[in-house]
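K.L.:
Input: one structure, supplied below.
Every read-out reported here was derived from the displayed coordinates using simple, explicitly stated rules and does not represent laboratory data. Predicted model only: the values in this text are computed from it and were never measured. Counting neighbours? That spans all protein chains shown, and the Cβs are built from the backbone with ideal geometry, glycine included.
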Amino acid sequence: MQADILAWAVPATFLLFGIAFAALGRFGPGLYAWSGCFSLAALAYGMTVIPAGEGAIVKPLFEDSLFLFALTGANLALASRAGRRPRYALLAGTIAASLFCAFLALFLSGSAQFEIFSIQAGCAVLMLLAAGTMAGLSKRWIDRALFWLCVLVAASLSLQNLAFLSSPLDQPMTVTNWRDSPWAFVFQLSGAVTGVLMAFTVLVAIGMDLIEHHRLSSDVDALTLVLNRRGFERRVAELRRAAHGSAPDALVLADLDFFKQINDRHGHEAGDAVICGFAALLERMVGNRGCVCRFGGEEFAVFLRACDLSEAQTLALRLQTALRAVRWPFDLAQLSVTASFGVVAVAAGERLWDAAGRADTLLYVAKSHGRDRVVGDAIASAPAIRPAARLLMG
């Protein structure tokens, strides 16, 4: 019979996907749920190979529940990927309603046609719920692909259901003769194709996630989790391209004062805590106005998009005040930490590192005039100026 062509190939393939996702579980969100999804689907398809006796109810309902729980696993996996809470009530309600209708069809009339229709309809609803979980995640094409694939599977199941229910039958369809019908082959082939397509899409998503994770880790400072120089340069370029030079930008360099004394008196762990605390303060106060970078050691840079020199100096003054007010924990409770700031406007078309060189010169002026102060472009011509090449092009 036609269904036997895929009888064992489908469950074997799905089981391999289930094992693969279990092995990859630690590399991405929801992969253990995907493993459960494909493992349950493999068991469900394997169960369909075993013939059911005339009037059987338990076996077909068990198979039906496996298919429904497999697609519930897909919902959990996609919710984990989307960072959203699964809609457990809707999932449970869909499963219960589908199984109840299937039970009534088998118990009252022994009709496999209405039983299969009920389960296919439940599976379609589960895939629509999965699509709803991914809706709105438009930042990456792979997430949009997963959304549309869920919609495609739901539409395919619905169209098959309509054709199946409206097609004339030579004889009443029961759980015994169902496996010999052309529809068994159609449903099995459709499930195999969409399942394999979903599995490969998820594998592509895993690969893209790993690439993105590697890229982000190479752009982020390991201690503070703010951008490093490479990530800062990349992010600033993105922000400037998006603005098309329509508004002025600003750059602030900040350097913690007397940081070596903190390390010497309190130890390097305390020094690291101060650096991390300052980085967190910068990120919190800058917010989505720009980005923060740790140049190295105790020196940081802040790029402010669509911000003129006066606004940037005001923000630097607020940062200066906020840092003075920080109450450090434990052995650092009596420690007063300050920082010096150099602030410049970034001209349209000016290279980032040229602006950083000017800001570094102003930072030196702030340090040489007593520290704990903000110096802007207005005194860039002051006599206490050193060359601007310090550490910026390294």
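K.L.:
Relative contact order for the chain using alpha-carbon pairs under 8 Å, separation at least 6, rounded to a whole percent?
P.N.:
Result for the chain is 12 percent.
K.L.:
Still on this structure: Cα-based Rg (one decimal) and Dmax (whole number) for the range 229-379, in Å?
P.N.:
15.2, 48
K.L.:
I would also like to ask the following. Report the one residue of Ile142, Met47, Gly231 whose Cα lies farthest in the direction of the positive end of the charge dipole of the chain (charges on C-beta: Lys and Arg +1, Asp and Glu -1; origin at the Cα centre).
P.N.:
Gly231
K.L.:
Just to confirm the number: angle between the C-alpha axis of helix 9-23 and the first principal axis of the chain, 0 to 90 degrees, nearest 10?
P.N.:
With rounding to tens, the tilt is 30 degrees.
K.L.:
On a 0 to 90 degree scale, rounded to 10, what angle separates helix 229-243 from the longest Cα axis of the chain?
P.N.:
Here the helix axis deviates by roughly 80 degrees.
K.L.:
On a 0 to 90 degree scale, rounded to 10, what angle separates helix 182-219 from the longest Cα axis of the chain?
P.N.:
Tilt relative to the chain: about 10 degrees.
K.L.:
With a cut-off of 8 Å between alpha carbons and a minimum separation of six or more residues, what is the relative contact order of the range 88-235 in percent?
P.N.:
Contact order relative to length: 19 percent.
K.L.:
Full-extension gain between Gln334 and Glu212, please, as 0.36 nm times their residue separation minus the C-alpha to C-alpha distance.
P.N.:
Fully extending the segment from Gln334 to Glu212 adds 39.8 nm.
K.L.:
Starting from 0.36 nm per residue, how many nanometres of slack lie between Ala23 and Ala145 once their C-alpha separation is accounted for? Intermediate results must be reported in sequence, preceding the final value.
P.N.:
Numbers: separation 122, 0.36 × 122 = 43.92 nm, distance 2.36 nm.
Result: 41.6 nm gained on full extension.
K.L.:
May I pose another question? Quick check: residue separation of Ala89 and Ala322 times 0.36 nm, minus the Cα distance between them. What number comes out in nm? Working shown, then result.
P.N.:
Numbers: separation 233, 0.36 × 233 = 83.88 nm, distance 4.63 nm.
Gain on extension, Ala89 to Ala322, equals 79.2 nm.
K.L.:
Using a simple charge model, +1 on the beta-carbon of Lys and Arg, -1 on the beta-carbon of Asp and Glu, nothing else, what dipole does the range 272-338 show about its Cα centre, in debye to the nearest 20?
P.N.:
Dipole of the range 272-338, to the nearest 20 debye: 220 debye.
K.L.:
Let me ask another. Please list, by residue number, everything in the range 295-323 whose backbone N is under 12 Å from a paramagnetic label point 7 Å out along Cα→Cβ of Arg284.
P.N.:
Flagged as within label range: 322-323.
K.L.:
For the charge dipole of the range 32-89, defined by +1 on Lys and Arg C-beta atoms and -1 on Asp and Glu C-beta atoms about the Cα centroid, which residue among Tyr88, Gly36, Phe67 has the Cα displaced farthest towards the positive pole?
P.N.:
Projecting each Cα onto the dipole axis, the largest value belongs to Tyr88.
K.L.:
Rounded to two decimals, what is Rg over Rh for the chain when you use alpha-carbon atoms and the Kirkwood radius?
P.N.:
Radius of gyration over Kirkwood radius for the chain works out to 1.22.
K.L.:
Continuing with this model, one more query. What share of the DSSP beta bridges in the chain is antiparallel, in percent to the nearest 5?
P.N.:
If we restrict to bridges inside the chain, about 90 percent are antiparallel.
K.L.:
How large is the helix-only mean residue ellipticity at 222 nm for the chain, computed as the sum of -39500 (n - 2.57) over DSSP H runs with n ≥ 4, divided by its residue count, in deg cm²/dmol to the nearest 500?
P.N.:
Details: 12 runs with 239 residues, N = 394.
It comes out at -21000 deg cm²/dmol, rounded to the nearest 500.
K.L.:
Magnitude of the Cβ-charge dipole of the range 229-379, K/R +1 and D/E -1, about the Cα centre, nearest 20 debye?
P.N.:
I would put it at about 240 debye.
K.L.:
With unit charges on the beta carbon (Lys/Arg positive, Asp/Glu negative), name the residue among Ala130, Ala79, Ala105 whose Cα is farthest towards the positive pole of the charge dipole of the range 1-133.
P.N.:
The Cα lying farthest towards the positive end belongs to Ala79.
K.L.:
Then there's this: For the pair Ser368/Ala97, report the inter-label distance in nm, with labels modelled 7 Å from Cα in the Cβ direction.
P.N.:
Placing both labels 7 Å beyond Cα along the Cβ direction yields 7.6 nm.
K.L.:
Relative to the Cα centre, what is the charge dipole magnitude of the chain, using +1 at the beta carbon of each Lys and Arg, -1 at the beta carbon of each Asp and Glu, and rounding to the nearest 20 debye?
P.N.:
Approximately 1040 debye in magnitude.
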